[in-house]
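To start, the structure itself, in structure tokens.
What follows is calculated from the coordinates using simple rules that are stated; it is not laboratory data. The model shown is predicted, which means the values in this text are computed figures rather than measured ones. Positions of Cβ are generated from backbone atoms using ideal geometry, with glycine treated the same way; all protein chains shown enter the neighbour counts.
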Amino acid sequence: MKRDFTQIPNEIIKDKNIPDGAFRTYLLLKSYKYGSSKVFPSQNTLAAIRGKTKKTIITHLKILKDKNLITYKKRGFSASNQYELIGEENYTNDNRESMKNYTSKMKKNLPLSLRRLQPNNTETNNTKMSNKGLEKLRKKLIELGLKKP
């Protein structure tokens, strides 16, 4: 059985001021996140998955926006909205300054094929590499100054 999961910050889980329905909608938005803080599910899709009406989902999104957990903007008449999860790190949940510097360098300097790696889903990011592939990656990281020799 294939399993996937979504990481949620503890302060959001413990926030008693977020209604349960809005929290579940937030969880669903987070489940669409793969390496970027921006997600694009339609309100109809969110409503269908949640088993709620579109109006209910819109209410939940407004609550999440008011709580400063998300922002969203329209992308066009027939396109779904763009939702951005506020405060999300793209490659790590570690808040240490050194990791922020590392991830920003990684994002800018790595080849496109490596930028799309997702740290928590082995099937998505194809992290099953051969020893030769791992050695090549290690050398590239050293070359870019992202790893010490």
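Using 0.36 nm per residue of separation minus the Cα-Cα distance, give me the extension gain between LEU137 and LYS74 in nm, one decimal. Present the calculation step by step, with values, prior to reporting the outcome.
On the way: separation 63, 0.36 × 63 = 22.68 nm, distance 3.88 nm.
Fully extending the segment from LEU137 to LYS74 adds 18.8 nm.
Of LYS16/LYS52; LYS16/LYS38; LYS16/LYS65; LYS14/LYS54; LYS52/LYS73; LYS33/LYS73, which ones are farther than 19 Å apart at the Cα?
Violating the 19 Å limit, Cα to Cα: LYS16/LYS52; LYS16/LYS38; LYS14/LYS54; LYS52/LYS73.
Starting at the first residue of the stretch 69-74, write each ³J(HN,Hα) from the Karplus equation 6.51 cos²θ - 1.76 cosθ + 1.60 with θ = phi - 60°, in whole Hz, x for Gly and Pro.
Residue by residue, the stretch 69-74 yields 9, 9, 10, 8, 8, 6 Hz.
Around ALA79, with a cut-off of 14 angstrom between Cβ atoms, what is the net charge of the other residues, counting Lys and Arg +1 and Asp and Glu -1?
Taking every Cβ under 14 Å from that of ALA79, the sum is +4.
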